[in-house]
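Novice: Just dropping this structure here.
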Ligand code: C5P
């Protein structure tokens, strides 16, 4: 019998601190990390570079099935697509918007499913996304779902972007976040929602350290690496 590889899923809308918590947790445990949103962002960048339109579903799936994606080291954030460095492009707000449109294509989600599952390797995986606990890793050992008010999430994103030197407007960010939430939560396939067995943490008035502390308590309670 093959050895059990433990998986922790961290789902929720953007701006809840998912990415940071996933990184801190993966580092703390010494496990692998899957940033599934980055895969949808890479597809968004790739189809644009190849002049594929959002309604050309077969071409999008063909592209996504064949694309070579590398995530540098798991924690340093570099992303290459078919040998070209695209991290900057992939992280732009406008790419997130396009990613949320391609992510609504069910056929594309099916193409990316196995690629995501392949990240599950010993000693364990922390997977960040929207449907990690509901669809990609339904039998994960621990499922966390982070939430926060849209206003708080827009504020956090605003600070992040301003710190990176990106000029943005808070009202536009709030609108973008609200429209992306709406699209992610109401799409037909893999809509954004907590798994029935997820632990939901509202992070609106919590610091990252406080969220991490809550998550670590759950990890200690539920995850046994050598089952
Ligand atoms: O997490 P991130 O903001 O990078 O994700 C970009 C977009 O990709 C999200 O707005 C969402 O539409 C989509 N996504 C998804 N399923 C995932 C991860 C991301 O639909 N597991």
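The values are calculated or read from the model by the stated rules, or taken from the named source; none is laboratory data. These numbers were taken from a predicted model, which means no experiment stands behind them. Cβ atoms come from the backbone with ideal geometry, glycine included; neighbour counts cover every protein chain shown.
Novice: Identify, please: which residue in the range 112-134 is within 22 Å of residue 100 (Cβ to Cβ) and not in a helix (DSSP H, G or I) and is, among those, farthest from the ligand (Cβ to nearest atom)?
Specialist: 119
Novice: Mind listing whichever residues of the range 149-159 are over 16 Å from the mean Cα position of the chain (by Cα) and either at pLDDT 95 or above or over 30 Å from residue 6 (Cβ atoms) (or both)?
Specialist: If the condition is that a residue be over 16 Å from the mean Cα position of the chain (by Cα) and either at pLDDT 95 or above or over 30 Å from residue 6 (Cβ atoms) (or both), then 149, 150, 151, 152, 154, 155, 158, 159 are the ones that fit.
Novice: Let me ask another. Give the range 188-206 a look and list any residue that's away from the ligand (no atom under 13 Å from the Cβ), within 20 Å of residue 154 (Cα to Cα) and part of a loop (DSSP other than H, G, I, E, B), or say none.
Specialist: Across the range 188-206, the qualifying residues are 203, 204, 205, 206.
Novice: Another question, then. Inside the range 1-72, counting only helices (runs of 4 or more DSSP H) that do not spill past its ends, which hold 3 or more residues that are surrounded by fewer than 18 Cβ atoms within 10 Å (Cβ to Cβ) and free of Cβ contacts under 8 Å to residues at least 40 places away in the same chain? Before you say what the answer is, go through the steps one by one.
Specialist: Values: elements: 18-29, 36-49, 57-66.
Of the helices (runs of 4 or more DSSP H) lying wholly inside the range 1-72, those with at least 3 residues that are surrounded by fewer than 18 Cβ atoms within 10 Å (Cβ to Cβ) and free of Cβ contacts under 8 Å to residues at least 40 places away in the same chain span 57-66.
Novice: Let me ask another. Among the residues of the range 6-17, write down those that are over 20 Å from residue 105 (Cα atoms) and at pLDDT 95 or above.
Specialist: 6, 7, 8, 9, 10
Novice: If residue 80 satisfies all but one of (1) surrounded by fewer than 20 Cβ atoms within 10 Å (Cβ to Cβ); (2) within 17 Å of residue 92 (Cβ to Cβ); (3) within 16 Å of the ligand (Cβ to nearest atom), what's the number of the condition it fails?
Specialist: With (1) surrounded by fewer than 20 Cβ atoms within 10 Å (Cβ to Cβ); (2) within 17 Å of residue 92 (Cβ to Cβ); (3) within 16 Å of the ligand (Cβ to nearest atom) applied to residue 80, the lone miss is (3).
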